[in-house]
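Okay, so here's the structure we're looking at.
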Amino acid sequence: MTTFENQSAYRLIYVIVNFGRGSEVLRVTRESRISGGTILLGRGTVRSGFLNFFALYELRKEIVLIVADSVTAEKALEALNKEMQFEKPNHGIAFATAIETVDGSSELEDSVLAEERGDEKKMYNLITVIVDKGRAEKVIDAATEEGSKGGTIVNARGSGIHERSKLFAMEIEPEKEIVLIVAKRDKTQKIIAKIREDLQIDDPGKGIVFTQTVNDAYGLLD
Amino acid sequence: MRLIVEKLKEVFLAVLPIAAIVLLLNFTFVSLSWFLIVRFVIGALLIVAGLSIFLFGVNIGISPIGNFMGTFIVKTNKIWFLIAAGLVLGFFISIAEPALHILGSQVELVSSARVSSGSIVVAASVGIAAFLALGLLRIVYDVSLPKILTVFYGIVLVFSLFSSNEFLAVSFDASGATTGAMTVPFILALSTGISALKKNGKSSENDSFGLIGVASVGAIIGVLLIGLTSTGSALGAAPDYHTSGATSILGHFLDLVPSTVEEVLVSLLPILLCFLLLQLAPFRLSRRLVKQIVFGLLFTFLGMVILLVGVNAGFMDIGREIGYGIASRDSKALLVIVGFVLGLVTILAEPSVYVLTHQIEDVTSGAVKRRIVLFTLAAGVSLAVAFSMLRIAVAGIQLWHFLLPGYIISIVLSFISPRLFVGIAFDAGGVASGPMTGTFVLAFAQGAAQAVDGANVLLDAFGLIALVAMTPIIALQILGVMYKIKTRKRGV
């Protein structure tokens, strides 16, 4: 295990792209000496009055998670940005958050680590919200009201201590939704406050919210 | 906007191959009248539009209803409710299926009314009802799919030993007919709604599929029983085509609209009732979701009507003409090859196939790619159509010559192939036989049978659906075995 107490030298890269392009992301990052990644399916919000009128709110997305040391991560993100053209609307977004420890990847442990650079522009936060299935839209609505530009929803399972665990002969874990929202630093607090209020997060069994600092971000158009 | 353009593009590419092949055939082996060709092209365009709208509708309307229904049924945690829901849903979904009624009336026709259309329809529906309930029980009590399928197909085998050849064909056809374009997405969503709750991730993924496969066995057994009870019913009267009297191109399409609207409405009705029932349930759906589902149902309805009008008015007659033309050329090999190719391209445009392959991607987080499943399925179906042509061209080949070994292989494979693929495969059997195969390929087979001496138009066409429902089961399970071998970690 490799651990770094203060300065985190590792990054977890999130790349959110349209369905079907996840494998392309992995291919591009492989050229930047990244050994692998994990793809999740998610749903992104659609902002179009015309489509929303016809009750078309969502688009299938793929979320690619990649772990890398900070130097490699930065290079990979730049290469990705060049290839996938995140600056154009609807081409997806990519960002990285700091993580503490990495296990299980021999390549990462062997790689030479560079010093943390002094001035990184940390302008964004990643807000993660986990709620019961069917409530993700409400989370995104709340966030949008406070100035967020959208979010990505991932289906998940899980159970807190407040939920029943067996129906018939099958053990169950109730369905959940994870909402990922990238927000500007100055808006983060407001967005969280609004989500906590609208979804009564502070009541038992209503879900959890946490934020992480985003180190690099591409494709966020504001 | 991009959302719509991409869907249209995807669907257009799915319909393009069949259009290209038909036009190619026109310039090579059979020359068709321009009247038929214009109708065919209009039909193809209608299918592109209809299928796109339908798929949006399924996505935002039918699937959510199925999902909620599944979760709702299980969350009551009452066994009687689960069984009752399975019985009621199964019966009404099946009895509302237009394809089943068409099959029933064809049987009535060829049996000179000794077997009534109603008895076939009711027998198949009761069968589906019973087995849908059993299928639901299987999911919640964690019974393994291969075991339960072995038992069920064992029962089918015993019954079919006592059954006439004709009834064997009819009963396997009935299983394909009951799982139409509307019910497939609903039943799929129902089972994912239940299995998504499961704690064990692997079994949750596995149990998302297989419910359609189990339910279709019910229809086979139901109809076989009818055959056993109505003794001495030799089938075999001359068939009678009803052709539209319209002479204008537009007339052909417009003539079909009223009956299609009625058909689609009836088959949507059970799902609509489920939706209303959910509204009465203790947990309320949000207003946005209700709006979404209402739009979804509207899209499903509209899309299906456009699609069916397109297929029936544009594809039916040309299919029959091509079949007749190819078979008249007196080359058995040619007939088999053309059948193979048509099977390959028709399945690409089949609505339920879309729904199934997308569902597979969702459940496996994209690990099992849509395209691979689609091509495997197409390969299976094309073999089925080729076999059917062989059966028409060569006298003396019986349906069970294919069915018996086919299902034995299917059952054996189900113990070898990964669980996920077993479920997918048996579902795909019901999925492959939708409106496209049921009209275009069937019409092609009937046309071919008409041209071949000693082939009976209706009897030889019976059994086509049965084969189309069988070969994908084998093909997809083989794919599963290949996946198992390929995904073993290398270099560890």
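The values are calculated or read from the model by the stated rules, or taken from the named source; none is laboratory data. Note that this is a predicted model, so its numbers are computed, not measured. When we count neighbours, we look across all protein chains shown, and the Cβ atoms used for this are built from the backbone with ideal geometry, even at glycine.
When A:E137, A:E171 are checked against the criterion of being under 18 Å from B:K199 (Cβ atoms) and not hydrophobic (A, V, I, L, M, F, W, C), A:E171 stands alone in meeting it.
Looking at A:D198, A:D216, A:D186, which is the one that is surrounded by fewer than 18 Cβ atoms within 10 Å (Cβ to Cβ) and more than 14 Å from every other protein chain (Cβ to nearest Cβ)?
One residue alone meets the criteria, A:D186.
The set of residues from the stretch B:1-53 being more than 13 Å from B:E321 (Cβ to Cβ) and not aliphatic (A, V, I, L, M) comprises B:R2, B:E6, B:K7, B:K9, B:E10, B:F12, B:P17, B:F27, B:T28, B:G43, B:G50, B:S52.
Check the stretch B:429-438 and report whether any residue there is assigned to a loop (DSSP other than H, G, I, E, B) and within 22 Å of B:H401 (Cα to Cα). Outline the logic, then answer.
Residues of the stretch B:429-438 that are assigned to a loop (DSSP other than H, G, I, E, B), as a first pass: B:433-434.
This time we only want the ones that are within 22 Å of B:H401 (Cα to Cα), so: B:433.
The answer is yes; a qualifying residue exists.
Quick check on B:R488: is it among the charged types (D, E, K, R) and under 22 Å from the mean Cα position of the chain (by Cα)?
Working: among the charged types (D, E, K, R): yes; under 22 Å from the mean Cα position of the chain (by Cα): no.
Against the criterion (among the charged types (D, E, K, R) and under 22 Å from the mean Cα position of the chain (by Cα)), B:R488 does not qualify.
When the stretch B:335-367 is examined, which residues are found to be farther than 21 Å from B:V48 by Cβ and β-branched (V, I, T)? Of everything in the stretch B:335-367, those that are farther than 21 Å from B:V48 by Cβ and β-branched (V, I, T) turn out to be B:V336, B:I337, B:V338, B:I360, B:V363, B:T364.
Would you be able to say whether some residue in the stretch B:133-153 is among the charged types (D, E, K, R), surrounded by fewer than 24 Cβ atoms within 10 Å (Cβ to Cβ) and in a helix (DSSP H, G or I)? Can you show your working first?
As a first pass, look at the stretch B:133-153 and keep what is among the charged types (D, E, K, R): B:138, B:142, B:147.
This time we only want the ones that are surrounded by fewer than 24 Cβ atoms within 10 Å (Cβ to Cβ), so: B:138, B:142, B:147.
Those left that are additionally in a helix (DSSP H, G or I): B:138, B:147.
Yes.
Criterion first (buried (at least 18 other Cβ atoms within 10 Å of the Cβ) and under 27 Å from B:F12 (Cα atoms)) does B:V305 satisfy it? Answer is yes for this residue.
In the stretch B:217-230, what residues are touching a residue at least 60 places away in the same chain (Cβ under 8 Å) and assigned to a helix (DSSP H, G or I)?
So in the stretch B:217-230, the residues touching a residue at least 60 places away in the same chain (Cβ under 8 Å) come out as B:217-228, B:230.
The answer is B:V217, B:G218, B:A219, B:I220, B:I221, B:G222, B:V223, B:L224, B:L225, B:I226, B:G227, B:L228.
Counting only residues that are more than 20 Å from B:A432 (Cα to Cα), give me the helices (runs of 4 or more DSSP H) lying completely in the stretch B:271-380 with at least 1 of them. Can you show your working first?
Working: elements: B:287-310, B:316-328, B:332-348, B:351-363.
Those helices (runs of 4 or more DSSP H) span B:287-310, B:316-328, B:332-348.
Scanning the stretch A:22-57 for residues being buried (at least 17 other Cβ atoms within 10 Å of the Cβ), of a type outside the set (A, V, I, L, M) and within 17 Å of the chain's Cα centre (by Cα) gives a total of 6. Taking the criterion of being surrounded by fewer than 20 Cβ atoms within 10 Å (Cβ to Cβ) and in contact with an Asp or Glu (Cβ under 9 Å, 6 or more places away or on another chain), the only residue of the stretch B:49-105 that qualifies is B:H101.
Could you identify the single residue in B:V115, B:V110, B:V140 that is farther than 26 Å from B:V412 by Cβ, within 14 Å of another protein chain (Cβ to nearest Cβ) and more than 21 Å from the chain's Cα centre (by Cα)? So that I can check it myself, show each step before the final result.
Details: B:V115 fails: within 14 Å of another protein chain (Cβ to nearest Cβ); B:V110 fails: within 14 Å of another protein chain (Cβ to nearest Cβ).
The match here is B:V140.
So for the stretch B:75-84 (the condition being under 24 Å from B:R288 (Cα atoms) and within 14 Å of chain A (Cβ to nearest Cβ)), does at least one residue qualify? Yes, the stretch B:75-84 contains at least one residue that is under 24 Å from B:R288 (Cα atoms) and within 14 Å of chain A (Cβ to nearest Cβ). Has the stretch B:206-217 got any residue that is at pLDDT 80 or above and farther than 30 Å from A:K133 by Cα? Yes: the stretch B:206-217 contains one or more residues that are at pLDDT 80 or above and farther than 30 Å from A:K133 by Cα. In the stretch B:109-118, which residues are surrounded by 18 or more Cβ atoms within 10 Å (Cβ to Cβ) and assigned to a helix (DSSP H, G or I)? Across the stretch B:109-118, the qualifying residues are B:V110, B:S117.
Got a sec? Which of B:A124, B:A85, B:A133, B:A96 is modelled with pLDDT of 95 or more and under 19 Å from B:I212 (Cβ atoms)?
Details: B:A124 fails: modelled with pLDDT of 95 or more; B:A85 fails: modelled with pLDDT of 95 or more; B:A96 fails: modelled with pLDDT of 95 or more.
Result: B:A133 is the single residue among B:A124, B:A85, B:A133, B:A96 that is modelled with pLDDT of 95 or more and under 19 Å from B:I212 (Cβ atoms).
Candidates in the stretch B:273-332 are the residues that are polar (S, T, N, Q) and under 23 Å from the mean Cα position of the chain (by Cα); of these, the one that is nearest to the other protein chains (Cβ to nearest Cβ) is B:T300. The set of residues in the stretch A:154-182 being touching a Leu at 6+ places or on another chain (Cβ under 8 Å) and in contact (Cβ under 8 Å) with a residue 24 or more places away in the chain consists of A:V154, A:N155, A:P174, A:E175, A:L180, A:I181, A:V182.
Close Cβ contacts (under 9 Å, 6 or more residues apart or on different chains) running from residues in the stretch B:28-51 that are in contact (Cβ under 8 Å) with a residue 12 or more places away in the chain to residues that are hydroxyl-bearing (S, T, Y) and in a helix (DSSP H, G or I) comprise B:V30/B:Y324; B:V30/B:S328; B:L51/B:Y354.
For B:L442, are the conditions met, namely being more than 26 Å from B:V309 (Cα to Cα) and in a helix (DSSP H, G or I)? No; evaluated as a whole, the condition is false for this residue.
If only one of B:V184, B:V122, B:V214, B:V158 is closer than 30 Å to B:N456 by Cα, touching a residue at least 12 places away in the same chain (Cβ under 8 Å), assigned to a helix (DSSP H, G or I) and aliphatic (A, V, I, L, M), which one is it?
Among B:V184, B:V122, B:V214, B:V158, only B:V122 is closer than 30 Å to B:N456 by Cα, touching a residue at least 12 places away in the same chain (Cβ under 8 Å), assigned to a helix (DSSP H, G or I) and aliphatic (A, V, I, L, M).
Pick from the stretch B:391-434 the residues that are among the aromatic types (F, W, Y) and within 17 Å of B:V170 (Cβ to Cβ): which of them is nearest to the chain's Cα centre (by Cα)? Walk me through how you get there before you give the answer.
The first filter runs over the stretch B:391-434 and keeps only residues among the aromatic types (F, W, Y), leaving B:400, B:402, B:407, B:415, B:421, B:426.
Next, from what is left, pick out any that are within 17 Å of B:V170 (Cβ to Cβ): B:400, B:402, B:407.
Numbers: B:W400: 20, B:F402: 19, B:Y407: 18 Å.
Within the stretch B:391-434, the match that is nearest to the chain's Cα centre (by Cα) is B:Y407.
Of all residue pairs spaced 6 or more apart or on separate chains, none has beta-carbon atoms under 7 Å together with a first member in the stretch B:60-72 that is at the interface with chain A (Cβ under 9 Å from one of its Cβ atoms) and over 24 Å from A:F53 (Cβ atoms) and a second member that is in a helix (DSSP H, G or I) and modelled with pLDDT of 90 or more. Tell me, please, whether a residue that is polar (S, T, N, Q) and either within 15 Å of the chain's Cα centre (by Cα) or over 27 Å from B:N200 (Cα atoms) (or both) can be found in the stretch A:149-164. Looking for residues that are polar (S, T, N, Q) and either within 15 Å of the chain's Cα centre (by Cα) or over 27 Å from B:N200 (Cα atoms) (or both), one finds at least one in the stretch A:149-164, hence yes.
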